[in-house]
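Before any comments, here is the structure.
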Amino acid sequence: MCGHCCSMPLLDQIPARMIPCLDYKVTMEAGSLPLELWRMILAYLHLPDLGRCSLVCRAWYELILSLDSTRWRQLCLGCTECRHPNWPNQPDVEPESWREAFKQHYLASKTWTKNALDLESSVCFSLFRRRRERRTLSVGPGHEFDSLSSALALASLYDRIMLFPGVYEEQGEIILKVPVEIVGHGKLGEVALLASIDQHCSTTRLCNLVFMPAWFSPIMYKIVMLRNDIYRCRASGIFLRLEGGGLIAGNNIYHNAEAGVDIRKKSNPLILCNQIHHGLRSGIVVLGNGKGIIRNNQIFSNKEAGIYILYHGNPIVSGNHIYKGRAAGIAVNENGKGLITENVIRENQWGGVDIRRGGIPVLRSNLICFGYSDGVVVGDEGKGLIEGNTIYANKGCGVWMMSSSLPHVTSNHVSYNGLYGVAVFSQKDGSGEFPGGHGVQENFSEDRDAILWETELEKEDDPLRRPITTALVESNSINHNGASGLYVQSSEALHVLTNVIHANGDRGITVAQSSQPTRVANNSISCNRQSGVKVEAQCKVELRGNGIYDNRGHGIITRGDSTVVIENDIIGNRGSGLQLLPRSDTKVIKNRIHSFRAYGIAVRGRAKALVQENIIFQGKTNKTIFQQISNNRECVMQNNKFLVFKKKSDTWRLVNPPARPHLENSLRGPSAAHNGQKVTAMATRITARVEGGYHSNRSIFCTIL
């Protein structure tokens, strides 16, 4: 037995061809002793010897692993550079594996120290080179340096600066020009550093220090972090506060208990080209007047929102790929802001972008697709500008919003979504505040006093937003969605202007509830599977200047008690051009109306109507151009013009005015030319990014001529 113990440290000296024989011999002898006795013997080995023994055979490998709570624990706690794995939050809690914890400490130290083994020229000949040893510079009373700045002045690449217990107050900003290691000696809290540090070097290692702001600056550290693995942290992977800044680039940030990156209290970093994934909460959190530029990151598979903006956080979020999250791709709540532009947001469990409770971002030129719920959600008290996005192939609605929040939805492409293209509500539906499975986001206990930050808010006008007093849906292309292109169930006013609503799976527009006026003007509503527009009972709707063409049902069907249909072109629909249902009250003035197979206007039951100064064309069938029940004195006909076929070759053209909608004089935001350019640019960009997933052989973009 003693012979084997003495020979084990020398296993690396045995020729490789002899290892198989030794493997068999040692394996057999290992099985002849109780495991407890072997563990006692192996507990005397040092780290290199343990590694060599684990390479002998499978039985010895498993035997070395079984020393986790004994020898590996001793090695981990006995290393002067290592802390308890759960230090400082839970130092009494045992880790899952002492060996794994020691391995992580060892690799971190080895990764740092191997950089110090670069070669330097000797004094005599440049041909001969030698290794430079790392130095340890001691700072503190009775040591060679009395301040950190004096030690840094003489430090070389990868030197260690050891701060002994005490409080070190630097009188000026410290600039780190070369990579160094700054370590506090003693227990946590025994070394306090009052300094403002600006890191200019590629890497720095800090250990066992308590940072406090210096008297001349609230900025403690300016976080350059390049190409690090940051994982399994007990809190956030990276935490920035008190105007913290710096560059965080090329890092792999994952499996952290809180946010991967936490930006708050006016911090303003550059977060660039990182992978932030599999976090137990959000990928990136920006709150408490935090800012920052978040660009070109891969953010995926986080348990909560990929990016969460709240409490007046106001970052720039651009060019990121945010996907496969278990909640929203981006969530903006509690008065959060932000410019969110040109991101790809896909395959998230909740809304691609979720805006609630005072959130007011600018959401522009993003691709939001293949989500398992709605594309964009503007919930209770959410606001913001939603402009120029492509919202495609989400299983819920393209845009779900509450009209009371006064959102502005403009110039978006909303297509191939499973339910409505755009759905407008004003009350919580049966599923509660969060439709489509939406739930409560993170709870930041430290920031429950967010009301105290109100005095710190920056009172600046945002030129990216123009104020509106009514919820506005304008200049969007809404096509090929599974249900109605636009669905309205609201008790607030709504303006629907200059949209193209085409080829949706149900009606073009459905107004199910509208106790305040809903204005639908200058839209093109065509080729939808059911009626172009349907207005339910007790709704107040104005339809003006629209072109309603070639829908498979009626052009307009209404039972509303205050519907105004004025100056529309209602042409070529398979049902009646206009159908007035019982107990409806409708004014039909100066429209051009035609149906191929049914009546131009059909009045059903005791409908109240004023039909005045319309041009009504006869269709190809033998039906008359107007139908109403007899003795209906509440249907008034005045000064209408009826055009009938005299021969089969007769045709009519829509001239003076030309076919509607007319966009030149409409109250639009962007010009038609500008919109056309944006559509072309977005189509090119999205076609390059999206792979597969089309519902048919047709393009996802539709041009209406």
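The values are calculated or read from the model by the stated rules, or taken from the named source; none is laboratory data. Keep in mind it's a predicted model, so treat the numbers as computed, not measured. Virtual Cβ from ideal backbone geometry, glycine too; neighbours counted across all protein chains shown. Each accessible area value is taken on the protein alone, full model and side chains, heavy atoms only, with ligands, DNA and RNA left out. Shrake-Rupley method; radii C 1.70, N 1.55, O 1.52, S 1.80 Å.
Rounded to the nearest 10 square angstrom, Met637 shows an accessible area of 70 square angstrom against a 1.4 Å probe.
The largest accessible area among Val224, Val588 belongs to the first residue in Val224, Val588, and the rest follow in falling order (1.4 Å probe, all chains). What the Cβ-Cβ distance of Cys273 and Arg205 gives, at R0 = 25 Å and to the nearest 0.05, is a FRET efficiency of 0.70. Each DSSP beta bridge with both residues in the stretch 198-306 is either parallel or antiparallel, and the antiparallel ones are about 5%. Taking Lys590, Lys337, Lys187 and ordering them by how much accessible surface each has at a 1.4 Å probe, largest first, produces Lys187, Lys590, Lys337. Take the Cβ-Cβ distance between Asp198 and His255 as r, set R0 to 25 Å, and report the resulting FRET efficiency rounded to the nearest 0.05. After rounding, the FRET efficiency stands at 0.25.
Within the full protein context, the accessible area of Glu144 is estimated at about 110 Å² for a probe radius of 1.4 Å. Heavy-atom accessible area, probed at 1.4 angstrom with all protein chains present, ranks Asp561, Asp354, Asp380 as Asp561, Asp380, Asp354, highest first.
Nonpolar atom fraction for the stretch 292-347, defined as the carbon and sulfur part of the 1.4 Å probe accessible area, stands at 38 percent.
Rg over Rh for the stretch 261-324 works out to 0.94, both radii taken from alpha-carbon positions and Rh defined as the Kirkwood radius.
Please sort 66-74, 191-199 by packing, taking for each peptide the average over its residues of neighbouring beta carbons within 10 angstrom, highest first.
Numbers: 66-74: 17.6, 191-199: 19.9.
The packing order, highest mean first, is 191-199, 66-74.
Computed over the stretch 261-413, the alpha-carbon pair-distance distribution with 5 angstrom bins reads 3, 12, 22, 26, 23, 11, 3, 0, each value a whole percent. For the stretch 475-546, what is the percent of antiparallel DSSP beta bridges, rounded to the nearest 5? Counting DSSP beta bridges with both partners in the stretch 475-546, the antiparallel share is about 0 percent. Debye calculation, C-alpha points only, no solvent: report log10 I(q)/I(0) for the stretch 219-302 at q = 0.25 Å⁻¹, in the same order as the q values. Evaluating at q = 0.25 Å⁻¹ gives log10 I(q)/I(0) of -1.23. Accessible area of Asp506 (1.4 Å probe, protein heavy atoms only, ligands and nucleic acids ignored): about 40 Å². D by Stokes-Einstein for the stretch 467-528, Kirkwood Rh over Cα pairs, 20 °C, 1.002 mPa s: 183 µm²/s. The Rg/Rh ratio of the stretch 496-582, with both radii computed over alpha carbons and Rh defined as the Kirkwood radius, is 0.92.
Greater than 30 Å separation of Cα atoms is the criterion. Which listed pairs, Lys187/Lys303; Lys103/Lys266; Lys103/Lys291; Lys324/Lys534; Lys303/Lys395, meet it? It would help to have the intermediate numbers written out before the result.
Values: Lys187/Lys303 35 Å; Lys103/Lys266 37 Å; Lys103/Lys291 37 Å; Lys324/Lys534 37 Å; Lys303/Lys395 20 Å.
The pairs that break the limit, which is 30 Å between Cα atoms, are Lys187/Lys303; Lys103/Lys266; Lys103/Lys291; Lys324/Lys534.
Solvent-accessible area of the stretch 493-598 (1.4 angstrom probe, protein heavy atoms only): carbon and sulfur portion equals 42 percent. Inverting the pair-averaged 1/r between distinct Cα atoms of the stretch 153-234 gives 13.6 Å as its Kirkwood hydrodynamic radius.
So, R0 is 41 Å and r is the distance between the beta-carbons of Arg653 and Asp380; what FRET efficiency does that work out to, to 0.05? Efficiency for this residue pair is about 0.25. Here the spin labels are modelled as points 7 Å beyond Cα on the Cα-Cβ line, and at Glu133 and Ser97 they lie 3.6 nm apart.
Across all C-alpha atoms in the stretch 339-432, the radius of gyration and Dmax reach 11.7, 34 Å.
A straight line joining the Cα centroids of the stretch 283-345 and the stretch 549-625 runs 48 Å. In plain terms, if you count all Cα to Cα distances in the stretch 158-199 and split them into 10 Å steps from zero, the share in each step is 28, 53, 19 percent. Share of pairwise Cα-Cα distances greater than 27 Å in the stretch 198-346 is 14 percent (whole percent).
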